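Encoded as structure tokens, the structure appears first; notes follow it.
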Amino acid sequence: MPEISAPTIAAPAANYAHAIVTEGPARWLHTSGVVPIAPDGTTPEDLAEQAQLIWTNIAAMFAEARMVPSDIVSITTYVVVGEPVAPVMAARDQALDGHRSASTLVTVPALARPEWRVEIAVIAAQSG
């Protein structure tokens with residue numbers, strides 16, 4: 001999917017694209033907000049581990065959908081206020097392995113469970 005980088009606006013503030021164009025027919029995958037719950041029902045305490053677990057869960061969804069991280073066109077990340085964003089962004093960058101997509105990071109006062117410190121929703125498109 002082509003990245004849009006208008007020469008009349010400032011470069012992105014981190015490793016993401018301002019916009020992504022999808023053309024023609026496509027298969028779409030929209031995830032719910034993915035939370036840091038391991039298959040055994042536990043949630044790691046460490047924020048970096050939570051972010052990595054979320055991307056592991058997203059990878060499992062992509063495998064089931066027969067998609068890959070380079071199909072991602074948009075990411076919305078929710079981080080609890082006061083938490084450092086660097087480990088969350090590092091997990092995203094590692095999972096995307098150089099792929100850039102549109103990306104929004106929002107700080108929120110809390111998530112649905114107090115142990116959750118990060119939640120991520122993804123939209124992917126695969127040209128058909």
Original post:
Can you pull the accessible area of residue 99 for me, 1.4 Å probe, Å² to the nearest 10?
Top reply: 40 Å²
Subject >> Estimated FRET transfer efficiency when R0 is 22 angstrom, pair residue 85-residue 21 (beta carbons, to 0.05) >> reply: 0.25
Original post:
From the residues 106, 60, 74, which one has its Cα farthest along the dipole of the range 21-128 in the positive direction, the dipole being from +1 and -1 charges on Cβ of Lys/Arg and Asp/Glu about the Cα centre?
Top reply: 74
**OP:** Can you find, among 89, 42, 20, the residue farthest towards the positive end of the dipole of the chain? Put +1 on the C-beta of Lys and Arg, -1 on that of Asp and Glu.
**Re:** 20
**OP:** Sorted from largest down, give the three principal axis spans of the alpha carbons of the range 1-45, whole angstrom values.
**Re:** 47, 31, 11
Subject >> At R0 = 35 Å, FRET efficiency that the Cβ-Cβ distance of residue 127 and residue 11 yields, to 0.05 >> reply: 0.85
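With all protein chains present and a 1.4 Å probe, how do 40, 71, 93 order by accessible area, largest first?
Most to least solvent-accessible, the answer reads 40, 93, 71.
Give me the percent of accessible area attributable to carbon and sulfur for the chain, probe 1.4 angstrom.
Roughly 56 percent, rounded to a whole number.
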Original post:
To the nearest 0.05, how large is the calculated FRET efficiency for residue 48 and residue 28 if R₀ is 30 Å and r is the Cβ-Cβ distance?
Top reply: 0.50
Original post:
Heavy-atom accessible area of residue 73 with all protein chains present, probe 1.4 Å, nearest 10 Å²?
Top reply: 10 Å²
Original post:
Once the Cα gyration tensor of the chain is found, what semi-axes does its equivalent ellipsoid get, as square roots of 5 times the eigenvalues, in whole Å, sorted largest first?
Top reply: 25, 19, 11
Subject >> Distance-filtered residues of the range 59-73 - backbone nitrogen under 16 Å, label point 7 angstrom along residue 94 Cα→Cβ >> reply: 59-60
Subject >> Where GluC sites (Glu not before Pro) fall in DSSP loop in the range 1-47, at most 13 other Cβ within 10 Å >> reply: 23, 45
**OP:** In nm, give the distance between the simple-model label positions of residue 40 and residue 76, each being 7 Å from the Cα along the Cα-to-Cβ direction.
**Re:** 3.3 nm
Original post:
If you take the alpha carbon radius of gyration of the range 44-101 and divide it by 2.2 N^0.38 Å, what ratio comes out, to two decimals?
Top reply: 1.13
Original post:
Accessible area per residue, 1.4 Å probe, Å², for the chain: what's the number?
Top reply: 55 Å²
Subject >> Largest-first ordering by accessible area, 1.4 Å probe, given options 78, 16 >> reply: 78, 16
Original post:
Based solely on its DSSP helices, what 222 nm [θ] is calculated for the chain when runs of n ≥ 4 H residues each add -39,500 (n - 2.57) and the sum is averaged over all residues, nearest 500 deg cm²/dmol?
Top reply: -7500 deg cm²/dmol
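The values are calculated or read from the model by the stated rules, or taken from the named source; none is laboratory data. All values derive from a computational prediction rather than experimental measurement. Every residue, glycine as well, gets a Cβ built from its backbone with ideal geometry; the counts of neighbours run over all protein chains shown. Calculation scope for accessible area: heavy atoms of the full protein, side chains included, ligands and nucleic acids excluded. Shrake-Rupley method; radii C 1.70, N 1.55, O 1.52, S 1.80 Å.
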